[in-house]
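The structure appears below as structure tokens.
The values are calculated or read from the model by the stated rules, or taken from the named source; none is laboratory data. Predicted model only: the values in this text are computed from it and were never measured. Glycine gets a Cβ as well: all are built from the backbone with ideal geometry, and neighbour counts include every protein chain shown. Accessible surface areas use protein heavy atoms only, side chains included; no ligands, DNA or RNA. Shrake-Rupley method; radii C 1.70, N 1.55, O 1.52, S 1.80 Å.
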Amino acid sequence: MIEGFETLAIHAGQEADPQTGAVVPPIYAVSTYKQDGVGGLRSGYEYSRSANPTRTALEECLAAIEGGTRGLAFASGLAAEDALLRTVCRPGDHVIIPDDAYGGTYRLFAKVLERWGLHFDPVPLGDLDAVRAAVRPETTKAIWVETPTNPLLNIADIEALASIAHQADARLVVDNTFASPYLQQPLALGADVVIHSTTKYVGGHSDVVGGALVARDRDLGEELAYHQNAMGAIAGPFDAWLTLRGIKTLALRMERHCDNAERVVDLLLSHPRVIEVLYPGLASHPGHEVAAKQMRRFGGMVSFRVAGGEAEAVEICDRAQLFTLGESLGGVESLIEHPGRMTHASAAGSPLEVPSDLVRLSVGIETAGDLLADLTQALES
Ligand SMILES: *Cc1c(COP(=O)(O)O)cnc(C)c1O
């Protein structure tokens, strides 16, 4: 019985090609499939929006590494979110979202789905009473969880939120992008569906945009698959292949991301220009106990605030060299950014606004000493 994470990441959905023995699934760049007589499909393939063998390999692998029954691969994380929400919600329904949700998720609710009659409330998910109070009987269909969050790295208790959701007959959705399935397994903690921006840690090499849904039970998996085909925002075969290639090293990469992030945190904690370090691995972090309970380690994202306010935060981003100034996260290379002016600029004035003295790091897997040297010069020159 194969069940180790690393083994599944390398083998699930990826038996050697029966015709050639190729050990990696080929990129099936094809739209349609020859039928053996009308309706005589070979292995169920008829048209690549409905299914494509490279995408099937990725989808089976995603289901295996998240411990779900069904995985589905989309063109982006937001495409996966849209398909999920329009599967489980109808106009008039209500969803509870984190008060520090990913900006694109917030925009999808506020600017797109609200116009179609979907209501939502941003709530601090660390406050379980606030979550209970925000549930609208009959109409709340989902509680949407991110943990850790972006860029403040807040932690939400997946098990406790699943029980609140299920008491209300709502679904618990977990955006597992920041932790990755290697560090956190939401379905085992009671979540009904996991979403990923596979663009980040799952793909891991900053070379492909993609999204995923993994459902715990078969009925929801079927419904989501129906909508994936009906709505059409699928992952293409080359994107699926790159993502599968990334997943093979996910465990190794996450271990190194965590090792390097811990070194970076130590450096920042001892630095006089840094007034606060946000990292769930710190005992002083308000979510530390919950994070320790539900995560294997604490991830590769680190945020910090500096004494000199916005101007100094921006200067540090500009001076960093090995830490590349850019948006996104989760790739092998280290990135630095100023959330207030970059990823979260659109949140200014909203409940999701972030402190202007904040710097966010996506700590990559380069040599730790080089990363520390670069941060030291960026903080000091
Ligand atoms: C990037 C991201 C998304 C959106 O994914 P895309 O692939 O960019 O569409 C959703 N959630 C989180 C937490 C993200 O970081």
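Figures for the structure shown
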| quantity | calculated |
| --- | --- |
| All helices (runs of 4 or more DSSP H) inside segment 239-331 with 2 or more residues being open to solvent by 30 Å² or more (accessible area, probe 1.4 Å) and touching a residue at least 60 places away in the same chain (Cβ under 8 Å) | 250-269, 288-294 |
| Of the criteria (1) open to solvent by less than 10 Å² (accessible area, probe 1.4 Å); (2) under 30 Å from Gly349 (Cα atoms); (3) within 16 Å of the ligand (Cβ to nearest atom), which one Ile96 fails | (3) |
| Test for Ala80: is it within 30 Å of Met295 (Cβ to Cβ), in contact with a strand residue (DSSP E or B) (Cβ under 6 Å, 6 or more places away or on another chain) and away from the ligand (no atom under 16 Å from the Cβ) | no |
| Which numbered condition Lys111 fails, given (1) without any contact (Cβ under 8 Å) to a residue 24 or more places away in the chain; (2) farther than 26 Å from Thr177 by Cβ | (2) |
| Criterion violated by Glu337 - all others in (1) within 16 Å of the ligand (Cβ to nearest atom); (2) touching a Phe, Trp or Tyr at 6+ places or on another chain (Cβ under 7 Å) satisfied | (2) |
| Failed criterion for Gly117 (all others in (1) more than 16 Å from Asp175 (Cβ to Cβ); (2) out of contact with any Lys or Arg (no Cβ under 9 Å at 6 or more places or on another chain); (3) surrounded by fewer than 19 Cβ atoms within 10 Å (Cβ to Cβ) hold) | (2) |
| One residue from Glu66, Glu114, Glu60 being touching a Pro at 6+ places or on another chain (Cβ under 6 Å), acidic (Asp, Glu), more than 12 Å from the ligand (Cβ to nearest atom) and modelled with pLDDT of 95 or more | Glu66 |
| Residues of segment 20-77 satisfying the condition of being part of a loop (DSSP other than H, G, I, E, B) and aliphatic (A, V, I, L, M) | Ala22, Val23, Val24, Ile27, Ala29, Val30, Val38, Leu41, Ala51, Ala75 |
| Residues that are under 21 Å from the mean Cα position of the chain (by Cα) and either open to solvent by less than 30 Å² (accessible area, probe 1.4 Å) or polar (S, T, N, Q) (or both), drawn from segment 38-63 | Arg55, Thr56, Ala57, Leu58, Glu59, Cys61, Leu62, Ala63 |
| Residues that are farther than 16 Å from Cys61 by Cα and open to solvent by less than 60 Å² (accessible area, probe 1.4 Å), drawn from segment 16-37 | Gly21, Ala22, Val30, Tyr33, Gly37 |
| Selection from segment 188-234 of residues that are within 14 Å of the ligand (Cβ to nearest atom), open to solvent by less than 10 Å² (accessible area, probe 1.4 Å) and assigned to a loop (DSSP other than H, G, I, E, B) | Thr198, Tyr201, Val202, Gly203, Gly204, Gly210 |
| Residue that is nearest to the chain's Cα centre (by Cα) [pool: residues in segment 346-371 that are under 23 Å from Phe109 (Cα atoms), open to solvent by less than 50 Å² (accessible area, probe 1.4 Å) and of a type in the set (Gly, Ala, Ser)] | Ala347 |
| Candidates Pro148, Pro122 - the one that is open to solvent by less than 50 Å² (accessible area, probe 1.4 Å) and within 12 Å of the ligand (Cβ to nearest atom) | Pro148 |
| Subset of segment 167-187 that is in a loop (DSSP other than H, G, I, E, B), of a type in the set (A, V, I, L, M, F, W, C) and within 14 Å of the ligand (Cβ to nearest atom) - its residue that is most open to solvent (accessible area, probe 1.4 Å) | Phe178 |
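Each row is one residue, and each column tells you yes or no for (1) among the small types (Gly, Ala, Ser); (2) closer than 30 Å to Val30 by Cβ.
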{"site": "Gly236", "(1), (2)": "yes, yes"}
{"site": "Lys248", "(1), (2)": "no, yes"}
{"site": "Met254", "(1), (2)": "no, no"}
{"site": "Ile275", "(1), (2)": "no, no"}
{"site": "Leu278", "(1), (2)": "no, no"}
{"site": "Ala291", "(1), (2)": "yes, no"}
{"site": "Gly309", "(1), (2)": "yes, no"}
{"site": "Val332", "(1), (2)": "no, no"}
